[in-house]
Amino acid sequence: MPADRTGAADNIVFGLTRADDERSLAAFLRLFSGDELLTALIPRMTDDEIRRVVQLLTEVMRNHLSGQEYHSLFLGGRDHSH
């Protein structure tokens, strides 16, 4: 396990304060997006689970990011045709 992930799960708590929830969500998503976990998890997911995860994350970004933010923060500033 990379050093920056060691003990990260120990500090994830939800429901105490908004600040703790925000910090914990960031830590949770960092752990969740690790290559090793995704390599193991994604092939086991159903088509519906994949669709639902993509739909939820896309909806959250659509609700909270401008088009410019989406392109610069999520797509890394690359020009993508939709």
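When the residues of region 1-59 are filtered to those that are among the aliphatic types (A, V, I, L, M) and in contact with a Phe, Trp or Tyr (Cβ under 9 Å, 6 or more places away or on another chain), the one that is modelled with the lowest pLDDT is ALA8. Considering only residues that are without any contact (Cβ under 8 Å) to a residue 12 or more places away in the chain, assigned to a loop (DSSP other than H, G, I, E, B) and over 22 Å from TYR70 (Cα atoms), which ones fall in region 12-59? Listed by number, the residues that qualify are VAL13, PHE14, GLY15, LEU16, THR17, MET45, THR46.
The values are calculated or read from the model by the stated rules, or taken from the named source; none is laboratory data. Worth saying up front: this structure is predicted, and the values here are computed from it rather than measured. Note: ideal-geometry Cβ built from the backbone for every residue, glycine included; neighbour counts use all protein chains shown.
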